[in-house]
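Asks: Sharing a structure with you now.
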Amino acid sequence: MMRRQRTAFARRGPLLGLASLLIVVGLFSGGGCTYRPPSETFSKYPPREKKLDLKVALDLSRPLSLPKWESYMPVKDALERNSLALARHVFGDVSQAAPSSAEPAAAEAVLSPQLLYFVRTTPASGPAESIIAIKVEWVLRRPDGQLIWVQTVGGESRGTGFSDPTEMLGAALEDLFLRSEQAMVETPVIRQVVRRGP
Amino acid sequence: MRLRHRGLRVSALSLPIAVSLAMGCASMKVPTFEVKEVDAYAIRTEQDGLILAVQPTFEPSEIDRTFRTNLLDKGVLPILLVAENHNPSRAFILQPDAIEIASADTRARASEPRPTVSSSTQGEVMMGAGVLISLPLLIAGIKMVSDSEVIQHNLADKAFYSTTLANGQRARGFLYFRVPKDASPGSRYEVVVDARDAMTGEVVRLNVPFEYRR
């Protein structure tokens with residue numbers, strides 16, 4: 001009886017070994033899963049006394065996704081949604097520019113984000129560090145195309161191979177939009193345009 | 001019988017390896033890099049209150065400390081660009097697209113925000129094959145892919161990105177210059193930056209010369 005059990009184990013041994021290794025590899029590489037950012041739009045911006053008094057059209061026609069990451073961690077929808085929420089938080093009057101039409105005549109400036117960089121580093125082992133980093137370039141220009149303000153802003157979150165990638169992605173996006181809000185509100189360049197008129 | 005013993009041995013070996021994979025290796029750390037004030041750099045120029053400094057990095061130990069890979073061996077010269085605006089009334093827009101490296105004879109595009117000096121695709125291929133070929137290779141594969149990604153992320157993270165500098169503001173980042181094959185020690189180059197006035201749109205051109213020393 002004992003001998004029969006040992007024989008069965010010996011037969012399955014290599015298979016079990018290979019399976020366990022494949023599981024570990026699958027865990028590290030994401031295993032073909034798709035991790036989506038949180039569906040809630042980020043809203044925990046610090047309170048500001050007053051919005052910037054500028055009529056802004058949000059132009060979402062520049063790329064907000066990178067093909068390499070779109071099937072693994074699609075961020076386009078979250079970036080679009082949060083860009084609109086951020087613009088409405090910062091500026092007094094925000095409309096969304098239609099993708100193919102000319103910009104609204106009433107807009108004094110056009111705000112346009114572009115995803116420049118996205119990465120999730122693979123941890124060397126389960127408890128080892130993994131980083132999610134995002135960089136977005138914000139461009140504010142006059143309706144005639146002249147640049148007013150350009151700024152690349154980065155967001156980052158750190159975890160391990162055991163961290164929930166969805167939570168890490170959400171944290172990186174929060175960091176990105178908090179820093180973006182700070183950059184827009186604190187730059188004297190946009191305030192100068194608001195004071196002088198576009 | 002011999003086969004059974006081998007099966008047991010493989011099984012007994014693979015489980016600790018799997019555990020060590022889960023517990024053992026640490027990811028490579030993204031190196032920190034300290035940037036000084038623009039006046040601390042020897043090679044600099046100023047126009048309309050906008051000060052630019054460049055520092056090409058030729059020292060292999062410094063490159064390794066900053067990037068964890070020898071970029072020069074791959075034909076890429078990292079050049080630190082530091083910009084500071086001391087103009088009280090003007091703001092300047094700096095964009096990688098408006099930065100070039102010029103030499104007396106040739107002009108090469110300087111800015112490559114995401115150079116692919118270390119290919120993670122190769123690492124991934126190795127990892128897939130490693131599962132079937134040998135266990136030590138698998139461990140090396142995961143570590144190599146992880147390290148390669150950290151190195152690439154570090155390069156991208158430290159690159160120079162678009163920015164707008166109001167009075168008193170500073171920006172810094174590396175330009176990754178693919179060195180021309182005919183470059184020799186003593187060759188003269190210059191970083192050419194077209195900074196755009198945020199209010200008027202006027203372009204201010206700054207040239208920062210440096211010498212190739214390798």
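The values are calculated or read from the model by the stated rules, or taken from the named source; none is laboratory data. Quick caveat: nothing in here was measured; it's all calculated off a predicted structure. Every residue, glycine as well, gets a Cβ built from its backbone with ideal geometry; the counts of neighbours run over all protein chains shown.
Asks: Consider region A:175-198. How many of its residues are among the polar types (S, T, N, Q) and either part of a loop (DSSP other than H, G, I, E, B) or closer than 30 Å to A:A124 by Cβ (or both)?
Replies: Adding up the residues that qualify gives 1.
Asks: Now for a separate question. Among the residues of region A:11-50, what is the count of those that are more than 24 Å from the chain's Cα centre (by Cα), buried (at least 16 other Cβ atoms within 10 Å of the Cβ) and modelled with pLDDT of 90 or more?
Replies: Final tally of qualifying residues: 0.
Asks: Take region A:134-174 and flag every residue that is in a loop (DSSP other than H, G, I, E, B) and either touching a residue at least 12 places away in the same chain (Cβ under 8 Å) or of a type in the set (S, T, Y) (or both).
Replies: Scanning region A:134-174 gives A:R142, A:P143, A:G161, A:F162, A:S163.
Asks: Moving on to the next point. Is region B:60-82 home to any residue that is modelled with pLDDT of 90 or more, under 30 Å from B:V145 (Cα atoms) and more than 13 Å from the chain's Cα centre (by Cα)?
Replies: yes
Asks: Please work out which one of (1) modelled with pLDDT under 95; (2) within 11 Å of chain A (Cβ to nearest Cβ); (3) assigned to a loop (DSSP other than H, G, I, E, B) is the condition B:Y161 fails and give its number.
Replies: All conditions pass for B:Y161, except number (1).
Asks: To continue, here is another question. What about B:L155, is it within 13 Å of chain A (Cβ to nearest Cβ) and at pLDDT 85 or above? Full working, then the answer.
Replies: Details: within 13 Å of chain A (Cβ to nearest Cβ): yes; at pLDDT 85 or above: yes.
Taking the combined requirement at face value, the residue satisfies it.
Asks: Quickly run through region A:126-137 and pick out the residues that are within 9 Å of chain B (Cβ to nearest Cβ) and under 29 Å from A:E108 (Cα atoms).
Replies: If the condition is that a residue be within 9 Å of chain B (Cβ to nearest Cβ) and under 29 Å from A:E108 (Cα atoms), then A:K135, A:E137 are the ones that fit.
Asks: Of the residues that sit in region B:172-214 and are within 14 Å of chain A (Cβ to nearest Cβ) and over 20 Å from B:I43 (Cβ atoms), which one is nearest to the chain's Cα centre (by Cα)?
Replies: Once the filter is applied, the top-ranked residue is B:R196.
Asks: Condition test on A:A109, is it at pLDDT 90 or above, buried (at least 20 other Cβ atoms within 10 Å of the Cβ), more than 19 Å from the chain's Cα centre (by Cα) and within 14 Å of chain B (Cβ to nearest Cβ)?
Replies: Values: at pLDDT 90 or above: yes; buried (at least 20 other Cβ atoms within 10 Å of the Cβ): yes; more than 19 Å from the chain's Cα centre (by Cα): yes; within 14 Å of chain B (Cβ to nearest Cβ): yes.
Considered against the rule, which asks whether it is at pLDDT 90 or above, buried (at least 20 other Cβ atoms within 10 Å of the Cβ), more than 19 Å from the chain's Cα centre (by Cα) and within 14 Å of chain B (Cβ to nearest Cβ), A:A109 comes out as yes.
Asks: Further, regarding this structure: Collect the residues in region B:60-95 that are in contact with an Asp or Glu (Cβ under 7 Å, 6 or more places away or on another chain) and charged (D, E, K, R), keeping them in residue-number order.
Replies: Listed by number, the list holds a single entry, B:R90.
Asks: Contact list please: Cβ distance under 6 Å, first residue in region A:106-133 and of a type in the set (K, R), second residue buried (at least 21 other Cβ atoms within 10 Å of the Cβ), pairs at least six apart or on different chains.
Replies: What qualifies is A:R120/A:I132.
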